[in-house]
Amino acid sequence: MEKNIAFTGILSNKAEENPDFFNWNRVKLRYCDGASFTGDGEDKARQLQFRGQRIWLSAMEDLKSKGMRYAKQALLSGCSAGGLAAILHCDEFRGLFPRTTKVKCLSDAGLFLDAPDVSGGRTLRNLYNGVVGLQGVQHNLPRFCTNHLDPTSCFFPQNLIANIQTPLFILNAAYDSWQIQSSLAPASADPAGFWHECRLNHAKCTPSQINFLQGFRNQMLNAVKRFSMSNKNGLFINSCFAHCQTERQDTWFADDSPVIGKKAIAIAVGDWYFDRTSVKAVDCPYPCDNSCHNLVFQRAN
């Protein structure tokens, strides 16, 4: 909870760092509720309150009173848990503004997949099941999903994105490093440690491990298939080992930032937001993209 956070990438106020949004009013909403601003429950016996949804609503009311209600253009964006929040709250955010306001949403690294881990288990589904149950999330999930699927399934973007009415841009690394470490190959699913090196550095992965990760990429492309058929939506799936690319200057917009077809992420998002061109960018599979800023993690001592 630092007092000052550097506003870089999509939050930068410099035209040379953020060509399309540098002169906007930019707000970073702090996140600490643990359920992407959807929780609304309590455990009286243990004196635990989960109020993510109320925090979100209070923040939006506060921003509206400070002038956001008069905005002519708005973009709800977020990365990781915030990227999931941008999906879950997208249509709700749209409803805060008059119909004449241009409103869109951007999810960066929020495409958490309901995918099997390396042991065939469901690490992430089990985690989400606990979050949804503990925090009473089900009442704040989109009705179009909960009327035919269980609440945990409706916390996964793959079951939401095709039905969101507001224009949405999905930006995600095909080999999302957080998902590799925490969903696909966590230590709990890999007791013998076969994935230990690969988990930290993709260059250490064996051919069969790369093959497993290619399967994950295929699941991701499948998850966005119907979503990407809509003209109003945007897509940028690059074949990188990364997580969160909008708020880092080096990945958002720089001389050597990641590209698909010569187009940087900042330009792709701007083209989509301002309706300059349609953006449906899907990279060829690893290892063909040499513009990636791949994350390599240090071995834990």
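Just to confirm my numbers, what's the Cα centroid distance between region 167-227 and region 83-116 in Å?
23 Å
Label region 132-237 by shape, choosing from rounded, prolate and oblate, from the square roots a ≥ b ≥ c of the eigenvalues of the Cα gyration tensor; if a/c is under 1.5 it is rounded, and otherwise prolate applies when a/b is larger than b/c, oblate when it is not.
Values: a/c = 2.97, a/b = 1.53, b/c = 1.95.
The shape class here is oblate.
Net charge near residue 12: determine it from the other residues with C-beta under 14 Å of the C-beta of residue 12, scoring Lys and Arg +1 and Asp and Glu -1.
Values: positive: 14, 26, 28, 248; negative: 16, 17, 20, 247, 250.
Summing Lys/Arg as +1 and Asp/Glu as -1 gives -1.
Lysine pairs, Cα distance under 26 Å, 8 or more residues apart or cross-chain: how many in region 1-153?
22
With N set to the residue count of the chain, report its C-alpha Rg divided by 2.2 N^0.38 Å to two decimal places. Write down the numbers at each step before the final one.
Values: Rg = 19.1 Å, N = 301, 2.2 N^0.38 = 19.2 Å.
Normalised by 2.2 N^0.38 Å, the Cα Rg of the chain equals 0.99.
Once neighbouring chains are kept in place and the probe is 1.4 Å, which whole percent of the accessible area of region 183-301 is contributed by carbon and sulfur?
Details: 3250 of 5960 Å².
So the carbon and sulfur contribution to the accessible surface is 54 percent.
Rg and Dmax in Å for region 221-276, alpha carbons only: what are they?
Reported Rg and Dmax, both Å: 11.9, 33.
Taking all protein chains in place and a 1.4 Å probe, what share, in percent, of the accessible surface of region 38-147 do carbon and sulfur account for?
Numbers: 2640 of 5170 Å².
Accessible surface attributable to carbon and sulfur in region 38-147 totals 51 percent.
Please give the residues of region 245-269, grouped as numeric ranges, whose backbone N is less than 14 Å from a label point set 7 Å along the Cα-to-Cβ vector of residue 14.
248-256
In square angstrom, what is the accessible area per residue of the chain with a 1.4 angstrom probe? List each step's numbers first, then the result.
Working: 14490 Å² over 301 residues.
For the chain, the per-residue accessible area is 48 Å².
Just to confirm the filter: which GluC sites (Glu not before Pro) across region 1-97 are DSSP coil and have at most 12 other Cβ within 10 angstrom of their Cβ? List each step's numbers first, then the result.
On the way: sites: 2, 16, 17, 42, 61, 92; in loops: 2, 16, 17.
Those that pass, being in a loop and sparsely packed, are 2, 16.
Report the Stokes-Einstein translational diffusion coefficient (µm² s⁻¹, integer) for region 1-54, Rh taken as the Kirkwood radius over Cα pairs, at 10 °C with viscosity 1.306 mPa s. Walk me through the intermediate numbers first.
Details: Rh = 13.8 Å.
Rounded to a whole number, D works out at 115 µm²/s.
Counting DSSP beta bridges with both partners in the chain, what percentage is antiparallel, nearest 5? Please report the intermediate quantities before stating the final value.
Working: 5 of 24 bridges.
Antiparallel bridges make up about 20 percent of those DSSP assigns within the chain.
Can you compute the FRET efficiency between residue 204 and residue 100 using 1/(1 + (r/R0)^6), with r the Cβ-Cβ distance and R0 = 51 Å? Round to the nearest 0.05. It would help to have the intermediate numbers written out before the result.
Values: r = 53 Å, r/R0 = 1.04.
So, using R0 = 51 Å, E works out to roughly 0.45.
Beta carbons within 10 angstrom, averaged per residue: use that to sort the peptides 195-207, 108-120, highest first.
Working: 195-207: 16.5, 108-120: 20.7.
The densest-packed peptide leads the list: 108-120, 195-207.
The values are calculated or read from the model by the stated rules, or taken from the named source; none is laboratory data. Everything quoted here is computed from the prediction, not taken from an experiment. We place every Cβ from the backbone using ideal geometry, glycine too, and count neighbours over all the protein chains shown. What goes into the accessible areas is simple: the full protein's heavy atoms, side chains included, and nothing from ligands, DNA or RNA. Shrake-Rupley method; radii C 1.70, N 1.55, O 1.52, S 1.80 Å.
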